[in-house]
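Comments concern the structure below.
The values are calculated or read from the model by the stated rules, or taken from the named source; none is laboratory data. From a predicted model like this one, the values you see are computed outputs, not experimental measurements. Neighbour counts run over all protein chains shown; Cβ positions are idealised from the backbone, glycine included.
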Amino acid sequence: MPGLLHNRAAAGKGAAVGHRLISALIFLNALGLAACVVLIAAALAREDVLAGQVAQGLLPSLRMFVAGAALPTVAWGILAFEFDRAHAKKKLLESAAIYVLLALSLAAFVVAGWRVPRTFISALQLG
């Protein structure tokens, strides 16, 4: 019986780590989205032409941040599905889908974050 209780505790801890990872990815992508909005607002305060160039340049990054925040939400939905997780294949499929979605979210955050400074600096040089 102690082994069974230990396995339940380990499974609960693994789920908590997954939820923390999902929450962290949503927070990072939302923070990136807010940073893009702040950059556009700062450009608006400076000049109208510059704001248009900055907004146009940041549009792909904005889209990536939004998608990056949405993917962990989908992963959370998969975790919330009520199906029999006793089968190893179903559990493996669920884990694979969740980790693929989280990896895509992290990739979207990294690519979008990588593009933001370059886009903003190039818009400043054009303006």
Inset, instruction - Those residues that are of a type outside the set (D, E, K, R) and free of Cβ contacts under 8 Å to residues at least 24 places away in the same chain, I need them from region 71-85; list them, please. - result: 77, 78, 80, 81, 83
Legend entry - Selection status of residue 23, in a helix (DSSP H, G or I), loosely packed, with under 14 Cβ neighbours inside 10 Å, at pLDDT below 90 and more than 20 Å from the chain's Cα centre (by Cα): no
Legend entry - region 54-71, subset buried (at least 17 other Cβ atoms within 10 Å of the Cβ) and among the small types (Gly, Ala, Ser), residue nearest to residue 114 (Cα to Cα): 61
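Taking into account only those residues within region 37-53 that are surrounded by 15 or more Cβ atoms within 10 Å (Cβ to Cβ) and not small (Gly, Ala, Ser), which is modelled with the lowest pLDDT? Quick ask: steps written out before the conclusion?
Let us first name the residues in region 37-53 that are surrounded by 15 or more Cβ atoms within 10 Å (Cβ to Cβ), namely 39-40, 43, 50-53.
Add one more test, that the residue is not small (Gly, Ala, Ser), and what stays is 39-40, 50, 53.
Working: 39: 80, 40: 79, 50: 68, 53: 76.
Taking the candidates together, the pick is 50.
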Inset, instruction - Return yes or no: is residue 103 small (Gly, Ala, Ser), modelled with pLDDT of 80 or more, surrounded by 14 or more Cβ atoms within 10 Å (Cβ to Cβ) and part of a helix (DSSP H, G or I)? - result: no
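Among the residues of region 112-127, how many are at pLDDT 85 or above and surrounded by 14 or more Cβ atoms within 10 Å (Cβ to Cβ)?
Here is the first cut: in region 112-127, the residues at pLDDT 85 or above are 112-114.
Remaining after also requiring surrounded by 14 or more Cβ atoms within 10 Å (Cβ to Cβ): 112-113.
Qualifying residue count for the region: 2.
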